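Working notes, structure below.
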DNA sequence: TCGCGTACATAACAAGTGTTCGGTACTATA
DNA sequence: TATAGTACCGAACACTTGTTATGTACGCGA
C-alpha cells in the first residue's frame, strides 16, 4: 500500500482550486471541469479525490465553514463576533459571497438544506452566551437570549447581502458604523 | 399583421410555468426545457416569447418583484411593511425562496447584480418614510432614517433566510413575535 | 384567393455536463 | 525483481444545455 504522494496535501490542492472557482463564479460555476482546469489537471484527478459532484459540493461547503471559522476569533465579545461576519476584508467578502451563492443549491437539495440549517443553529448557539454576557453588562435589553441571538444573526447576514450587492454604498467603515449603531440602538443604556 | 392569439395572455401562461419551475427548483432548475415541459409545449414555444435564457431569467426576476409588490399592501406603517416581507404564508415563502435562490446567479451576472442592487435601494427608499413616521411617533430611536431602514431591511431578510432553512423553528407565529420583539427592543419607550 | 406574418412543433447542432473506463507511470512492499 | 496498489491522464459515453433551422397550420389584409 504505497502512498507516493501525500494524499491529504494533494487533496488540499484540489480544495484550493475548488475555492478559487467558487469565489469567482459561485456554485453555478462549480463543475468537475472548471475545478480540473483551475488545477491544470484532468477531471479524473478531481474524481479521484471527490467521488461525485455531490461530494464536491458538500466539501465546498465544509471549506466555506472552515474558512469562516478561521476568520472568526475565538468568541470574545458579541461585537467582535458579529464584526467578523461582515465583509470588511476581501477575504471575508469572498467567503460571504460563497455562502450566499450556496443558498440556491442548499434550498433545493435536502441534505444540503439540513446542513445549512444545522450551521445556522450552531451560529446562534455560539452567539447565545455572548448575548447573555452583553445582557448582564447592560449592553442589551432583557429578553430571551435565543431570540436576541437570532435577531442579531439576522441583522448581520441581512446586512451582508445588501453589502455584497452594493459594496460602494456599504464600505467597511459604513458597515462597522451600521453594526455599532444597531448595537447601541438596542442598548438600554444608550438613549436620548 | 394578424394576432390570432392574445400574445400577452399566452405570455402570461409561460410566465406562470416559469414561476412554477422556479418555486420548485430555484434558479438552478430554470431551463428552457423545464419551462416547456411544465407548459406542455416545446422549447420553441418558450423561445418565441423569450429570445434567450438571459431574458428568461430577467423576466423571472421581474415576476418575483411583481409578486412581491402584490403581496405588500400599499405602505401603511412600518410593522405591516416588514411583516409582509416575512414568509408567513405559503405564497410568501415561495416568493422568498425564489429571491434567495436568485442571489447565486445575481451575484455572478453583472446586469442582474445591478438590478438586484437597485431593488434593494428601492426597498430601503420605500421603508424610509415609514421609519421617519415611526421616529416621530416615538417608536424608533432618533438617528439617520436611512441607516435605520437599512438595519430593518437587513434584520427582515436575515430572518427570512433563517426561516427558509428552518421553518419548523420559525413558524409564522414565531416570526411575527421576533419582528415585534425586535421593534419593541428598538423602541425608546419600551425599557425595563 | 393569394400571400404574409404569427405561432408554434420538430429536429438538429454544438457545447458542456457528470461519470466510466482503459491505460500508464510510479513506488512501496513482498 | 516481481507485484500490487495508488495516482493519475485521456478518451469516451450518455445526457442536458442554449440556440438555430426547417417546416407547417392558420388567420388576417390585399
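Taken together, the values in this text are just the output of simple stated rules run on the coordinates, not laboratory data. Note that this is a predicted model, so its numbers are computed, not measured. Neighbour counts are summed over all protein chains in view; Cβ atoms, including those assigned to glycine, are modelled from backbone coordinates with ideal geometry.
Of note:
- Using a 7 Å projection from Cα along Cα-to-Cβ, the label point at residue A:167 is separated from the same position in the remaining copies by 3.5 nm, smallest value first.
- log₁₀ of I(q)/I(0) at q = 0.31 Å⁻¹ - region B:40-93, Debye sum with one point per alpha carbon: -1.15
- The angle between the Cα long axis of helix B:53-71 and the main principal axis of chain B comes to about 40°, on a 0 to 90 degree scale.
- Whole-Å semi-axes of the ellipsoid equivalent to region A:1-49 (Cα gyration tensor, √5λ, descending): 22, 11, 7
- Among B:19, B:103, the ranking by other beta carbons within 10 Å of each residue's beta carbon, starting with the fewest, stands as B:19, B:103.
- Distance from the C-alpha centroid of region B:100-118 to that of region B:22-54: 19 Å, rounded to the whole angstrom.
- Ellipsoid equivalent to region B:73-191 - semi-axes via the Cα gyration tensor, in Å: 25, 19, 11
- Area projected by the alpha carbon convex hull of region B:15-75, averaged over all directions, nm²: 4.2
- With neighbour counts taken as other beta-carbon atoms within 10 Å, the residues A:24, A:38 rank, fewest first, as A:24, A:38.
- Counting every other Cβ atom within 10 Å of each residue's Cβ, A:101, B:34, A:184 order from fewest to most as A:184, B:34, A:101.
- Exercise: per-residue mean of other protein chain Cβ atoms within 10 Å, B:180-189: 4
- Starting from the label point of residue A:79 at 7 Å along Cα→Cβ, the same points in the other copies fall at 3.1 nm, in ascending order.
- For chain A, calculated [θ]222 nm from helices alone, where every DSSP H run of n ≥ 4 adds -39500 (n - 2.57): -24500 deg cm²/dmol
- For region B:121-188, the percent of C-alpha pairs falling in each 5 Å distance bin, counted from 0 to the bin holding the largest distance, reads 4, 17, 24, 22, 17, 11, 5, 0.
- Compactness index (Cα Rg / 2.2 N^0.38 Å), region B:1-109: 1.18
- Percentage relative contact order, chain A, counting C-alpha pairs under 8 Å, at least six apart: 19
- Site pair residue B:70 and residue A:52 shows an inter-label distance of 3.8 nm when each label is modelled 7 Å from Cα along Cα→Cβ.
- Shielding by partners, peptide A:163-172 (average Cβ within 10 angstrom, other chains): 4
- Debye log10 I(q)/I(0) for the protein assembly as shown, one point scatterer per Cα, at q = 0.08 Å⁻¹: -0.45
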